[in-house]
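S.K.: Got a structure here, written out as structure tokens. Questions coming.
The values are calculated or read from the model by the stated rules, or taken from the named source; none is laboratory data. What you are looking at is a predicted structure, and each value in this text was computed from that prediction instead of being measured. FYI the Cβ positions are ideal-geometry reconstructions off the backbone, even for glycines, and counts take in every protein chain you see. SASA here: full protein model, heavy atoms, side chains in, ligands and nucleic acids out. Shrake-Rupley method; radii C 1.70, N 1.55, O 1.52, S 1.80 Å.
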Amino acid sequence: MLEPFLAPHHDGSALYVPQQSPQVGEELTIRLRVPLRWGRPRRVFVRSLRDGEGHYDEARELAGSDDGAWSWWEARVTAVNRMLRYRFLLELSRAPRTSDGPDLRWLNAVGPSRTDTADRDDFRIDCRPAPEPWAQDAVIYQVFPDRFARSSGGPAPSEAPAGLPEWAVGCSWDEPVRPHGDLTPRQVYGGTLDGVRERLDHLAELGASVLYLTPFFPARSNHRYDATTFDVVDPLLGGDEALVRLVEAAHARGIAVIGDLTINHTGDGHDWFRTALADPTSTENGFYYFSEDGTEYASWLGVPSLPKLDWSSPDLRRRFVEGPDSVVAHWLLPPFDLDGWRIDVANMTGRHGHDDHNREVAALIRSTMDAVRPGSMLLAESTGDATEDLSGHAWDGGMTYSNLTRPLWQWLSRGTSTTGINFFGTPVQGVPRIDGRDLVATHTALSSGFSWRVRSQNMTALNTHDTARASSVMLDGGPAVGLALAFCLPGLPTLFAGDEFGLPGINGEDARTPLPWDTARGSSRGARELVRSLAALRAGTPALRHGSVRWLVATADVVVLVREHAEESILLLAARADYRDVRVAPDLVPGSWADARPITLELPGGSVVETAGGPVFSGSGPGVQVWRLPGVHPRHDRVEFVRGRGQTGGMAATVRQHHA
């Protein structure tokens, strides 16, 4: 019986698609890798869609392989449309040929299939410029400003902030956060943007390269997703000048800064909404969905304090997202110089009943950003299956949970002891456990719809400000294993401030605990050192930033993957429990295991025995093993097929070899 992961492989990484920033009309090289134990195809074709119609290009086999265990195939495919969608057709050899006809296999982004497959599961390539290097290689650190740090001139930790607006209730820095109730959105702890600026060295030490700030606009809650204006920075956070100081200081350290913008709704205290209520004939009245008598309005998930915006309004588009005078542009330009935006509930924006302006609004935001600050980062919150929403040409990537965060929670779950924790909005309490096979299957299925460009720019997080904390969900040692996977899989590793301290939290509100700067230094050292070592490993390893990814093993308690690149490869074994005799077939490993070198992290590891049947791993868990392996190089000796008519009247092939 063949190993489950012994199958032809392709992804959109540079190893398989060398042109990473194609233009429409460009001819691309598309490669496929086939394990010899799986079978050597007679012929391979790439089926691509041209204006919606299927088109076939025959691939040529590259002579030899990098280790004698794989055959490589290469086709030239023209990118006719802005999104190139394609899959592979493999004609296998039958010996002797039977009356059943050709033996065919399809390979798409979901995996190999004996039967016809749907176009929606095809591989995808975006024909647009690649993200800037700083964005491609980012490690993101998310800050909830009120809870991160007070400035040096602020009140003592034991004191509550003074001078607060009527809606706010001041809290000392160590007062517990209320996870539920009317007081929850009103608790204000006094964190400021100057407090963030004074702690930037902490971010730099961790290896973070992008600071993501949740909203900094005035509002009537501590989370500020109910903005009362988009024109100024909340004075509680230090005002406009504090943001300018923060961005300048971050840039001086090589850290980019992105903001958080709610384009789906405003707060009910927003000046646009107050004008709309006061004057039904006003331009602003068209910014929202009102009933005919003006007494009711649509809101986000029925929350009255968050009235929903109507994006059919051209004036709203002009004022908010379109052109250099818009809100979107204002904060990207001097003196603020933000490096991009994360868009709150981007999946819901512009969608209301029969209306769907979602992609139009996203395109306007992207166009404005490209015009005023080329190369800036645009990320979309899309908490469910984000593959369709992110398939346009606006978003660089997304803050999404389905393809990694959710299955990681389930694989590393404490099980019954998670009762009381909501599983991402489902109507059940607790986190259902799955095994490693389901982890890989879920991640593969929910990543397959992304182009490689988007997949590598999606935020990979254990938790965020909207979820419970991993340390409250996962078994002891689980968050560390989860971090290793988040840093080693394709995507942008994303830390929510406090992950490095191992903070608990039973829901998103409880997770927004003020950071324990004065008390957690000793107890959290291991977590901080792990983050630093993972960030340093990723920064110094092209395979972890740009390499392809293959799964090698999945059992109940252990998963093994490899990231492959021309310079070198990285093998990661992640375990949630003790394990023995986990075997990886030698032909699945790049190069020779004799060349493998271990990488030490601040995590329990294990041992490996090299055998004729491949490396065999044992160790304790939760823990990881990380190994550095040789790079992968498709051969440059191409086999060309010169077509001629065979004896049966079909097309026979004679072979010539030349050096490419």
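S.K.: Find the residue count for region 43-64, including only residues that are basic (Lys, Arg) and either in contact with a helix residue (DSSP H, G or I) (Cβ under 9 Å, 6 or more places away or on another chain) or farther than 21 Å from residue 12 by Cβ (or both).
M.R.: Summing the residues that are basic (Lys, Arg) and either in contact with a helix residue (DSSP H, G or I) (Cβ under 9 Å, 6 or more places away or on another chain) or farther than 21 Å from residue 12 by Cβ (or both) in region 43-64 gives 1.
A quick yes/no check of all residues on (1) modelled with pLDDT of 95 or more; (2) small (Gly, Ala, Ser); (3) closer than 30 Å to residue 468 by Cβ; (4) open to solvent by 10 Å² or more (accessible area, probe 1.4 Å):
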residue	(1), (2), (3), (4)
333	yes, no, no, yes
340	yes, yes, yes, no
349	yes, no, yes, no
359	yes, no, no, yes
385	no, no, yes, yes
388	no, no, yes, yes
399	yes, no, yes, no
427	no, no, yes, yes
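S.K.: Going by the structure shown, is residue 138 within 30 Å of residue 552 (Cα to Cα), in contact with a helix residue (DSSP H, G or I) (Cβ under 8 Å, 6 or more places away or on another chain) and assigned to a loop (DSSP other than H, G, I, E, B)? If you could, list the steps in order and put the result at the bottom.
M.R.: Working: within 30 Å of residue 552 (Cα to Cα): yes; in contact with a helix residue (DSSP H, G or I) (Cβ under 8 Å, 6 or more places away or on another chain): no; assigned to a loop (DSSP other than H, G, I, E, B): yes.
When the stated conditions are applied, residue 138 does not pass them.
S.K.: List every residue pair whose Cβ atoms lie under 8 Å apart, where the two residues are 6 or more positions apart in sequence or sit on different chains, the first residue falls within region 173-184 and is touching a residue at least 24 places away in the same chain (Cβ under 8 Å), and the second residue, located anywhere, is open to solvent by 100 Å² or more (accessible area, probe 1.4 Å).
M.R.: Listed by first residue and then by second, the contacts come to 184/178.
S.K.: Test of understanding: among 431, 440, which residue is open to solvent by less than 50 Å² (accessible area, probe 1.4 Å), closer than 30 Å to residue 131 by Cα and touching a strand residue (DSSP E or B) at 6+ places or on another chain (Cβ under 7 Å)?
M.R.: Numbers: 431 fails: closer than 30 Å to residue 131 by Cα.
The unique qualifying residue is 440.
Residues checked against (1) under 18 Å from residue 377 (Cβ atoms); (2) free of Cβ contacts under 8 Å to residues at least 12 places away in the same chain:
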| residue | (1), (2) |
| --- | --- |
| 253 | yes, no |
| 264 | no, no |
| 286 | no, no |
| 293 | no, yes |
| 309 | no, no |
| 313 | no, no |
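S.K.: Further question on the same structure: Condition first: assigned to a strand (DSSP E or B) and farther than 13 Å from residue 220 by Cα. Now tell me which residues in region 165-188 satisfy that.
M.R.: Of region 165-188, the ones assigned to a strand (DSSP E or B) are 169-170, 187-188.
Residue satisfying the conditions is 170 alone.
S.K.: What's the total number of residues in region 16-57 that are open to solvent by less than 20 Å² (accessible area, probe 1.4 Å), in a loop (DSSP other than H, G, I, E, B) and in contact with a Phe, Trp or Tyr (Cβ under 9 Å, 6 or more places away or on another chain)?
M.R.: 2
S.K.: When only residues in region 58-73 that are of a type outside the set (A, V, I, L, M) and open to solvent by less than 20 Å² (accessible area, probe 1.4 Å) count, which is farthest from residue 630 (Cα to Cα)? Explain how you work it out, then say what you get.
M.R.: Initial filter on region 58-73 (of a type outside the set (A, V, I, L, M)): 58, 60-61, 64-68, 70-73.
Applying the additional criterion that residues be open to solvent by less than 20 Å² (accessible area, probe 1.4 Å) yields 65, 70-73.
On the way: 65: 14, 70: 15, 71: 18, 72: 18, 73: 21 Å.
Looking at residues that are of a type outside the set (A, V, I, L, M) and open to solvent by less than 20 Å² (accessible area, probe 1.4 Å), I get 73.
S.K.: Hey, can you tell me all the residues within region 276-313 that are in a loop (DSSP other than H, G, I, E, B), hydrophobic (A, V, I, L, M, F, W, C) and open to solvent by 40 Å² or more (accessible area, probe 1.4 Å)? Walk me through it before giving the result.
M.R.: To start, the set of residues in region 276-313 that are in a loop (DSSP other than H, G, I, E, B) comprises 279-282, 289, 291-296, 298, 303-306, 310-313.
Then keep just the ones that are hydrophobic (A, V, I, L, M, F, W, C); that gives 298, 303, 306, 311.
The one that is in a loop (DSSP other than H, G, I, E, B), hydrophobic (A, V, I, L, M, F, W, C) and open to solvent by 40 Å² or more (accessible area, probe 1.4 Å): 303.
S.K.: Is there a residue being open to solvent by 10 Å² or more (accessible area, probe 1.4 Å), touching a residue at least 24 places away in the same chain (Cβ under 8 Å) and within 19 Å of the chain's Cα centre (by Cα) anywhere in region 562-581?
M.R.: no
S.K.: Then there is this: Would it be correct to say that residue 162 is in a loop (DSSP other than H, G, I, E, B), of a type in the set (A, V, I, L, M, F, W, C) and open to solvent by less than 20 Å² (accessible area, probe 1.4 Å)?
M.R.: Numbers: in a loop (DSSP other than H, G, I, E, B): yes; of a type in the set (A, V, I, L, M, F, W, C): yes; open to solvent by less than 20 Å² (accessible area, probe 1.4 Å): no.
No.
S.K.: Confirm whether residue 82 is more than 11 Å from residue 42 (Cα to Cα), modelled with pLDDT under 80 and surrounded by fewer than 21 Cβ atoms within 10 Å (Cβ to Cβ). Walk me through it before giving the result.
M.R.: Numbers: more than 11 Å from residue 42 (Cα to Cα): yes; modelled with pLDDT under 80: no; surrounded by fewer than 21 Cβ atoms within 10 Å (Cβ to Cβ): yes.
No.
S.K.: Under 29 Å from residue 399 (Cβ atoms), part of a loop (DSSP other than H, G, I, E, B) and under 25 Å from the mean Cα position of the chain (by Cα): does that describe residue 130? Outline the logic, then answer.
M.R.: Values: under 29 Å from residue 399 (Cβ atoms): yes; part of a loop (DSSP other than H, G, I, E, B): yes; under 25 Å from the mean Cα position of the chain (by Cα): yes.
The answer is yes for residue 130.
S.K.: May I ask you to verify whether residue 13 is within 28 Å of the chain's Cα centre (by Cα), in a strand (DSSP E or B), of a type in the set (Ser, Thr, Tyr) and at pLDDT 95 or above?
M.R.: On the way: within 28 Å of the chain's Cα centre (by Cα): yes; in a strand (DSSP E or B): no; of a type in the set (Ser, Thr, Tyr): yes; at pLDDT 95 or above: yes.
No: the conditions fail for residue 13.
S.K.: Then there's this: How many of the residues making up region 470-481 are within 15 Å of residue 419 (Cα to Cα) and either within 18 Å of the chain's Cα centre (by Cα) or free of Cβ contacts under 8 Å to residues at least 24 places away in the same chain (or both)?
M.R.: Filtering region 470-481 down to residues within 15 Å of residue 419 (Cα to Cα) leaves 470-475.
Of the ones still in play, those that are also either within 18 Å of the chain's Cα centre (by Cα) or free of Cβ contacts under 8 Å to residues at least 24 places away in the same chain (or both) are 470.
Number satisfying all stated conditions: 1.
S.K.: Let me ask something additional. With 555, 541 as the choices, which residue is β-branched (Val, Ile, Thr) and out of contact with any helix residue (DSSP H, G or I) (no Cβ under 8 Å at 6 or more places or on another chain)?
M.R.: Working: 555 fails: out of contact with any helix residue (DSSP H, G or I) (no Cβ under 8 Å at 6 or more places or on another chain).
Step by step, each of 555, 541 is checked, and only 541 is β-branched (Val, Ile, Thr) and out of contact with any helix residue (DSSP H, G or I) (no Cβ under 8 Å at 6 or more places or on another chain).
S.K.: Please go through (1) free of Cβ contacts under 8 Å to residues at least 60 places away in the same chain; (2) under 20 Å from residue 603 (Cβ atoms); (3) buried (at least 20 other Cβ atoms within 10 Å of the Cβ) for residue 484 and return the number of the only condition it doesn't satisfy.
M.R.: Among (1) free of Cβ contacts under 8 Å to residues at least 60 places away in the same chain; (2) under 20 Å from residue 603 (Cβ atoms); (3) buried (at least 20 other Cβ atoms within 10 Å of the Cβ), the lone unmet condition for residue 484 is (1).
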